[in-house]
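Only one structure is covered here, and it is reproduced in the block below.
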Amino acid sequence: MANVLGLAMGGPTVIAHGTDAQKERHLAPILSAEEIWCQGFSEPDSGSDLASLKTRAVRDGDEWVVTGQKVWTTMAHQSKWCMLIARTDPEAPKHRGLTYFLMDMEQDAVEVRPLVQITGEAEFNELFIEEARIPHANIVGGENNGWPVAITTLMHERAGLAFALQVQVQIALRELMAEVRERGQAEDPIVRDRLGQLYIEAQVLRLNAFRGLTATMKRGAPGPEGSLGKWHWAEVNQALTELAMDVAGPHAQLVDQTWTYRFLRARANSIEGGTTEILKNIVAERVLGLPRG
Amino acid sequence: MNFDLSEDQHTIKRTAREFLASRYKPEEVRRLALEDERGWTDAQWAEMAELGWPQLVHPEHGLGTVELVVVAEELGYALAPTPLQSTWMAGLALAAGGQSARLEGRRGALAVWPGDAPGEWIAVPDAGTADVLVLRDPGGGASVTEDFSVEPAPGIDPTRRLFTVRASGGEPLEGDLSRAWDQILVMSAAESVGVGERAMHMAVAYAKERKQFGRAIGSFQAVSHPCAQMLLEVEGARSAVYWAAWALDFEPETGPLAAACAKAYASDAGARVTRSAMQVHGGIAFTWEHDLHFLLKRAEANAHALGEARSLRARVAALTL
């Protein structure tokens, strides 16, 4: 799954908004993983308020010249293509002056620096972009029309990844059950109650993901309710790793490659790919129809 | 792969919702709950009988568990005060015991919780108007009797009448009743899904219209996020309920686990969603004249009927750990 961003997000976005030439050029190398993709959305000052981003793109003949900084860019050091959102009309209201580009990462104007996270590893990167060049033909969805294209990418991220991640939860839950038995805690009523609840939540996560997939197949694209799955997954995965820490007892103080690592890594679950708070806003406004704050 | 109701099931759902909405308007539910001596009318029962609803669990003209659950959910959404679900519960147990004929054209009730005295059962819904009573014993078996006495036992939920029942035993039901008990659990869970969905709809509508500080309260995240949480729990409970209903008919080896998951999750969801809906409404929903308390009381009563979330989670752990 090295090309997870290309498969789950880049490909679907090109299919939904790309030109025929873009589909012809990009879809096959995404499927074969010959070209890895990354996502240049977040910036140091633009996290949840993504549309406030400052990376600038200025037209120069048949090309655009891009300068700015991106952060939390998974796979950037291995990527050929970056789904990049940049500001192309600074005078327009913030959602209307953005354009969605496919940026070739193989140029000197793009510097990739690893970002060390609380687990000690570096899954993510920072991108420093200094007058990078992107052909005009690499715009997806039209000039100054980047916001709806970005939303397509994010909907696919939340629906698609939540689907894959719920499978990981099922696996982790089985591993945790084995751990509980090994540590002689299988008869502890509190552990049993928490495990019972986790089992139920993991089933609900799985069933909701299948219902979401059915809805996507009928409608052709994932809807805002995919946000629900991603938010729920974060809660369940965090609860699972928290129980694992309690089961480990004093061993939970020690660095290892399974539970203490997973516990620390899971802290990001409710932040990455849209914070739980932003996902609740999306559900409240776009599914329930509540007024914007 | 299709994780949605079929066209026929959607039609059943829509028809049930429309029918129940027209017969059980909020003022009628209130009148039945607070003023009608029995809590339902002969005309209402006759109309349901005409639709064939009491017979839905009969093995010969019965529908599948999924279809049953579709209607149970809508009965919860309408908060319809009716002895229909009690009749179904008795009917499911009698069908499993090969005794369906005893209920033909009559009403039933199911007694689950033995009281302190021998031969006494507490909190039995609709026993006062039942012709046939199924007594579940703690070991999982059951007997059926028509010879029993009842005494009203006021419950927290006025839309469903409870009774203390005294019976000196009955005729044992033969056969394996475990699937019937699981169908009953899932039916109750489905009702809680409907109750929760109704409370959520009321809360969301109120949050759009109620203004404080010059704006709709639903524009405040302190209000909108609990509403989003309601959707998560209602939809999650619905997924678990339909999974369990499907499993009981098509993947029986998964039935006991899925039924426990569904009732545990839906019990908690129904109780939490209705409590949260009351908080979103604020003071108005704490008044007797507002309808939300009927939903809250039904959800709370359901969470404590038939099997509580805690004991069902223990069953999930026993089946999986």
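The values are calculated or read from the model by the stated rules, or taken from the named source; none is laboratory data. All values reported here derive from a predicted model rather than from experimental measurement. In this analysis, Cβ positions are derived from the backbone assuming ideal geometry, glycine residues included, and neighbour counts consider all displayed protein chains.
Which condition does residue A:174 not pass, out of (1) buried (at least 17 other Cβ atoms within 10 Å of the Cβ); (2) within 27 Å of residue B:244 (Cα to Cα), if it passes all the others?
(1)
For the range A:131-224, give me every one of the helices (runs of 4 or more DSSP H) that falls completely inside it and has 3 or more residues that are more than 8 Å from chain B (Cβ to nearest Cβ) and farther than 20 Å from residue A:274 by Cα.
Details: elements: A:146-156, A:162-182, A:189-219.
The helices (runs of 4 or more DSSP H) meeting that bar are A:162-182, A:189-219.
Restricting attention to strands (runs of 3 or more DSSP E) lying wholly within the range A:20-108, give those where 3 or more residues are within 19 Å of the chain's Cα centre (by Cα). Step through it out loud before you land on a result.
Values: elements: A:37-40, A:56-60, A:63-71, A:81-87, A:98-104.
Correct list: A:37-40, A:63-71, A:81-87, A:98-104.
Which one of these is at the interface with chain B (Cβ under 10 Å from one of its Cβ atoms) and surrounded by fewer than 22 Cβ atoms within 10 Å (Cβ to Cβ): A:260, A:276? Walk me through it before giving the result.
Numbers: A:260 fails: at the interface with chain B (Cβ under 10 Å from one of its Cβ atoms).
Answer to the selection: A:276.
With respect to residue A:88, determine if the residue is more than 16 Å from residue A:155 (Cα to Cα), touching a residue at least 60 places away in the same chain (Cβ under 8 Å), polar (S, T, N, Q) and crowded, with 20+ Cβ neighbours inside 10 Å.
The answer is no for residue A:88.
Looking only at the range B:12-35, decide whether some residue is within 14 Å of chain A (Cβ to nearest Cβ) and either farther than 15 Å from residue B:158 by Cα or more than 19 Å from the chain's Cα centre (by Cα) (or both).
Let us first name the residues in the range B:12-35 that are within 14 Å of chain A (Cβ to nearest Cβ), namely none.
Looking for residues that are within 14 Å of chain A (Cβ to nearest Cβ) and either farther than 15 Å from residue B:158 by Cα or more than 19 Å from the chain's Cα centre (by Cα) (or both), one finds none in the range B:12-35, hence no.
Restricting the range B:243-290 to residues that are aromatic (Phe, Trp, Tyr) and touching a residue at least 24 places away in the same chain (Cβ under 8 Å), which is nearest to residue B:157 (Cα to Cα)?
Quick first cut of the range B:243-290, residues aromatic (Phe, Trp, Tyr) only: B:243, B:246, B:250, B:265, B:286, B:288.
With touching a residue at least 24 places away in the same chain (Cβ under 8 Å) added as a condition, the list becomes B:246, B:265.
Values: B:246: 30, B:265: 21 Å.
Taking the candidates together, the pick is B:265.
Considering only residues of the range B:144-184 that are of a type in the set (Ser, Thr, Tyr) and surrounded by 18 or more Cβ atoms within 10 Å (Cβ to Cβ), which is farthest from residue B:270 (Cα to Cα)?
Kept after step one, since they are of a type in the set (Ser, Thr, Tyr), are these residues of the range B:144-184: B:145, B:149, B:159, B:164, B:168, B:178.
Now restrict to residues that are surrounded by 18 or more Cβ atoms within 10 Å (Cβ to Cβ): B:159, B:164.
Numbers: B:159: 16, B:164: 25 Å.
Only one residue fits best here, namely B:164.
Kindly establish whether residue B:186 is in contact with a Phe, Trp or Tyr (Cβ under 8 Å, 6 or more places away or on another chain), within 30 Å of residue B:114 (Cβ to Cβ), β-branched (Val, Ile, Thr) and more than 9 Å from chain A (Cβ to nearest Cβ). Talk me through it step by step, then tell me what you get.
Numbers: in contact with a Phe, Trp or Tyr (Cβ under 8 Å, 6 or more places away or on another chain): no; within 30 Å of residue B:114 (Cβ to Cβ): yes; β-branched (Val, Ile, Thr): yes; more than 9 Å from chain A (Cβ to nearest Cβ): yes.
Answer is no for this residue.
What helices (runs of 4 or more DSSP H), lying completely within the range B:249-321, carry at least 2 residues that are within 13 Å of another protein chain (Cβ to nearest Cβ) and touching a Leu at 6+ places or on another chain (Cβ under 8 Å)?
Details: elements: B:255-281, B:292-304, B:309-320.
Counting at least 2 such residues, we get B:255-281, B:309-320.
Only residues that are farther than 18 Å from residue B:291 by Cβ, assigned to a helix (DSSP H, G or I) and over 25 Å from the mean Cα position of the chain (by Cα): list them for the range B:203-239, please.
B:217, B:218, B:219, B:221, B:222, B:223, B:224, B:225, listed by residue number.
Is it the case that some residue within the range A:110-124 is at pLDDT below 95 and either in contact with a His (Cβ under 6 Å, 6 or more places away or on another chain) or aromatic (Phe, Trp, Tyr) (or both)?
The answer is yes; a qualifying residue exists.
Find all pairs meeting these conditions: Cβ atoms under 8 angstrom apart; at least six residues apart or on different chains; first residue within the range A:184-203 and touching a residue at least 60 places away in the same chain (Cβ under 8 Å); second residue surrounded by fewer than 23 Cβ atoms within 10 Å (Cβ to Cβ).
Within 8 Å, the pairs are A:185/A:191; A:185/A:247.
I'd like to verify a number: residues in the range A:116-130 that are of a type in the set (S, T, N, Q) and assigned to a loop (DSSP other than H, G, I, E, B), how many? First the steps, then the outcome.
Pass one, the range A:116-130, residues of a type in the set (S, T, N, Q): A:117, A:119, A:125.
Cutting the leftovers down to assigned to a loop (DSSP other than H, G, I, E, B) gives us A:117, A:119.
So the answer is 2.
Would you check which residues across the range B:189-202 are more than 9 Å from the chain's Cα centre (by Cα) and either within 13 Å of chain A (Cβ to nearest Cβ) or outside any helix (DSSP H, G or I) (or both) and list them?
Our first condition is that a residue be more than 9 Å from the chain's Cα centre (by Cα); within the range B:189-202, this holds for B:196-202.
The answer is B:197, B:200, B:201, B:202.
Output the number of residues of the range B:210-226 satisfying the condition of being touching a Ser or Thr at 6+ places or on another chain (Cβ under 8 Å) and either within 7 Å of another protein chain (Cβ to nearest Cβ) or without any contact (Cβ under 8 Å) to a residue 24 or more places away in the chain (or both). Don't jump to the end; show me each part of the working.
Taking the range B:210-226 first, the residues touching a Ser or Thr at 6+ places or on another chain (Cβ under 8 Å) are B:218, B:226.
In the following step, the residues that additionally are either within 7 Å of another protein chain (Cβ to nearest Cβ) or without any contact (Cβ under 8 Å) to a residue 24 or more places away in the chain (or both) were identified as B:218.
The qualifying residues number 1.
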